[in-house]
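We did not get these values from a lab; they are worked out from the coordinates using the rules stated. Bear in mind that the values here come from a model prediction, so they are computed numbers and not experimental data. Here the Cβ positions follow ideal geometry from the backbone for every residue, glycine too, while neighbour counts run over all protein chains shown.
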Amino acid sequence: MSPFFLYSSSPFLLLFFHIPTCNAENPLRVECNNTYDGITAANYTINSTFHTNLKILLPSLSSNVSLTKGFYNTSIGQGLDTVYGLVLCRGDATPEACRNCTDFASDGILSRCQSRSSAIWYDLCQLQYSETNFFNLSTTIWWFWVWSMINMTEPEVKPLKAARETLMRDLTNKAAYEPWLGMFATGELNYLSTNNVYGLGRASTKKVYGLVQCKPVISGDACRRCLQDAIGFIPTCCDSRIAGRVIGEVCSLRFEDRNFFGESLVGGPAPSPALPPSSTNPTNSGRDGSTIEYSRGLQGKKKLLVTLLTIILGFLLFILCGYCRWRKAKGCKMNERRDTMLNDNDIEENEKGSELRLFNVSAIAVATNNFSESNMLGKGGFGLVYKGQLLNGQEIAVKRLSKNSAQGIKEFKNEVTLIAKLQHRNLVRLLGYCISGQEKILIYEYMRNKSLDSLVFEQKRCSMLDWTTRFSIIVGIARGILYLHEDSRFKIIHRDLKVSNILLDDDLNPKISDFGMARLFEQNQAQGNTNRIVGTYGYMSPEYAMDGRFSVKSDAFSFGVILLEIITGKRNNYYCDCCSLNLIGHVWEKWKEGRAMEVVDSSMINISSFKSKVLRCIQIGLLCVQEKAEDRPKMSYVVLKLESETMMLSPTQPAFCFRKGDCSNHLNRSINEVTMTEMEAR
């Protein structure tokens, strides 16, 4: 192991120590009073609000940094207890190595520091937190550096210094002014040495390797200035050394005589200080016997690693072959298995450009009082829904997927990747999500008035819905569906429209929710087919319930049922006592008899003054629930007719119009509010 010096520009700090090259628990540096305003930061009290916020912040940094290309900053809390945190991984670190390093850094800084402003550096990452907002800091207040104890040989000092200077200058310009590099650049440069390191007396071409990095939040000019300052410290710290590092709060650089970057580091954040060049001759002890010993050990480890990998791959191949044969014997398709898999990268690729936030499960637990029953709002098809409040006071609705729901994983992934692309005043806003082990959680804006069914079908609350409000809700729902079908960047079929999936904000504006069943269509695609029937009986169109065919017309059918429920105040599984007809059949019979106003919810006062508009809505509802999909209107037609007084087509016989006791060729009579997850189409 090689000896290194650590130096800080802070006075009286000069330490000599050995850095174990494979001990991931030793940081390069820990600064437990890392202030940005020159004032010494106080210590926080254990279990204080600041400490609690810090314990929420650190896991959030770890879970988010691998999703944000190795850099993430955020804040938790309010007022004097706000904690600002930042983590930056080396640009060539893999997402897994970056996350592992951040985990080590989080544990290390908690165990070593109790200051309200601290920082820690590892080889692959640096992590900082403070009570002061330092995110816009573009200049480095203090530096530290690390260098190898091995000097260059005299003949190669001049060419190596010249090559190093050229390389660092080029890398500085790349990092500062080539934005696709993310303010990180590596490179190598050849130089001619008249004598090698081990004094064998012959000229040779050698290389110097370099790395520079800036925090990606600063400007290109600020990055260049910072790196120029760092280069200026090389003569002070490590001018004649074969390897060295200059590290500041905003930028850092590193040079060595060996290739130290671009490796697939997936373990813990092992500090990897510069090692002297290895001898190619294992019998030559060189000037440092430990170097040759390390080289031999590395070769042995490589051979052992290759052997172990070969054995493991062979074993995995054997298991895979057996698994495929088992699946084939069971008659299963492999893609059905893949559909149920979920990982962070799938969602990350689909939510690029969105404003979705990845929450930490501990933050959601705090917001919901550890998912207490008193915070529970209801139960959905795949889990429970809770009310919560974030530390900034924002109220949220938390949809927690059941851990045993394999089917729900597909709906979770579908909802995140679809709704991240959508923004409309009549669609519920997804604030973020959480993936942690078996926990799959969606976080929505909270709707104080809950879902539409809690108003329409409850006698104590339905009086809140006069005709003007109901009509406004109908129009809002129609506009939201129109946006999904025609006005967004994507063509989306919801497939599970129902009154319980319509939420109401403080002003009773409708918001369509629950996109777990939704399907993305090509713009010119008219219809989709599936063997997996999902949705809710009573709102399903006949072609979808029977044959698995769905389109914009199947959503129109669901809208028609919702519209009739809003007007009548009755659920779709209602049967009229006088004629034993279901809701759709009862409305159709009254429409044919010219007595459609008799089906209107009796709780509405002075409804006669809105007769023409009520009848127009009933007519639109009946047009939407017609049996043949081609007879139903598109949502653009529906919105147009809701907002105008022009003539409309006459509806034909609706689907699912039957009496109690009749045998229907369409669907079993036990229509209910249960969401179906899977059913083979006939």
Margin query: Here is the link list: Lys460/Lys590; Lys511/Lys641; Lys399/Lys460; Lys553/Lys628; Lys387/Lys450; Lys161/Lys215. Which ones come out longer than 19 Å on Cα distance?
Written below: Lys460/Lys590; Lys511/Lys641; Lys399/Lys460; Lys161/Lys215
Note to self: Place a point 7 Å from the Cα of Gln527 along the Cα-to-Cβ direction; which residues of region 619-647 have their backbone N under 17 Å from it?
What the structure shows: 626-634
Next item on the list: Compare the peptides 472-478, 215-221 by average per-residue count of other Cβ atoms within 10 angstrom and give them in order, highest first.
Entry: 472-478, 215-221
Note to self: Need one number: nm distance between label points at Glu165 and Lys421, each 7 Å from Cα along Cα→Cβ, rounded to one decimal.
What the structure shows: 5.4
Margin query: Give me Rg/Rg_expected for region 106-264, where Rg uses Cα atoms only and Rg_expected = 2.2 N^0.38 Å with N residues.
Written below: 1.14
Checklist line | Relative packing of peptides 625-635, 369-379 - highest average C-beta neighbours within 10 Å first | finding: 625-635, 369-379
Margin query: What's the magnitude of the charge dipole for region 32-130 around its Cα centre, counting Lys and Arg as +1 and Asp and Glu as -1 at the beta-carbon? Answer in Debye, nearest 20.
Written below: 80
Margin query: So for each of 242-249, 318-325, 606-613, 594-601 I average, over its residues, the number of other beta carbons within 10 Å; can you give me the resulting order with the highest mean first?
Written below: 242-249, 594-601, 606-613, 318-325
Note to self: Starting from the 7 Å offset along Cα-to-Cβ, what nm value, one decimal, do you get for the label separation of Glu154 and Lys379?
What the structure shows: 8.6
Margin query: Explain nothing, just compute: Karplus ³J(HN,Hα) = 6.51 cos²θ - 1.76 cosθ + 1.60, θ = phi - 60°, for every residue of region 495-505 in order, whole Hz, x for Gly and Pro.
Written below: 6, 9, 6, 6, 4, 6, 9, 9, 9, 10, 7
Next item on the list: From zero up to wherever the largest Cα-Cα distance of region 32-130 sits, split into 10 Å bins and tell me the percent of pairs in each.
Entry: 18, 51, 27, 5
Next item on the list: Jot down the per residue volume, in cubic angstrom and as a whole number, of the convex hull over the alpha-carbon atoms of region 101-175.
Entry: 153
